[in-house]
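The structure appears below as structure tokens.
The values are calculated or read from the model by the stated rules, or taken from the named source; none is laboratory data. This structure is a prediction, so every number in the text was calculated from the model and none was measured. Here the Cβ positions follow ideal geometry from the backbone for every residue, glycine too, while neighbour counts run over all protein chains shown. For accessibility, only protein heavy atoms count, side chains too; no ligands or nucleic acids. Shrake-Rupley method; radii C 1.70, N 1.55, O 1.52, S 1.80 Å.
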Amino acid sequence: MLARWGIRLASSLIGIAAGLLLSAAVITNVSLSAAALVEATLIFWLVHFVVQVIALRVLIRQPSISLAGLLALLSTVIALIIVTAIVPGLKIHGIKAYLPATLIIWATTALSDTIGARKIRASRRD
């Protein structure tokens, strides 16, 4: 069980870090320092986790797959806004930068979570 939790945590952190790096590389109005990458990744994971737990456990009784995806996207927006306000080395200027950055981070975290879930399933079979 601890190994599964570790795989999920590692895959989420990798997905967030990859999304932040990709956003900074692709979007001109996003800047990120190396120190801010570590800090932003950890804070983003914590805020994203809390927002998703609140949304899925408290607000929604029976989430569907599409509703869970929408909640993940909304929690990514909220987490990105909070992290940008807290972490001094992460700068996002304008809504035209927030939207693609949100989509990139959401996509990379979804991909990394999917890969992590596959690793967990593969370890159960072994």
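Since residue 64 meets every condition but one in (1) open to solvent by less than 50 Å² (accessible area, probe 1.4 Å); (2) over 20 Å from residue 9 (Cα atoms), which condition does it not meet?
(1)
Of the residues that sit in segment 104-122 and are in contact (Cβ under 8 Å) with a residue 24 or more places away in the chain and open to solvent by 60 Å² or more (accessible area, probe 1.4 Å), which one is nearest to residue 43 (Cα to Cα)?
106
Mind checking whether some residue in segment 10-28 is touching a Gly at 6+ places or on another chain (Cβ under 9 Å), part of a helix (DSSP H, G or I) and farther than 28 Å from residue 120 by Cβ?
No, segment 10-28 contains no residue that is touching a Gly at 6+ places or on another chain (Cβ under 9 Å), part of a helix (DSSP H, G or I) and farther than 28 Å from residue 120 by Cβ.
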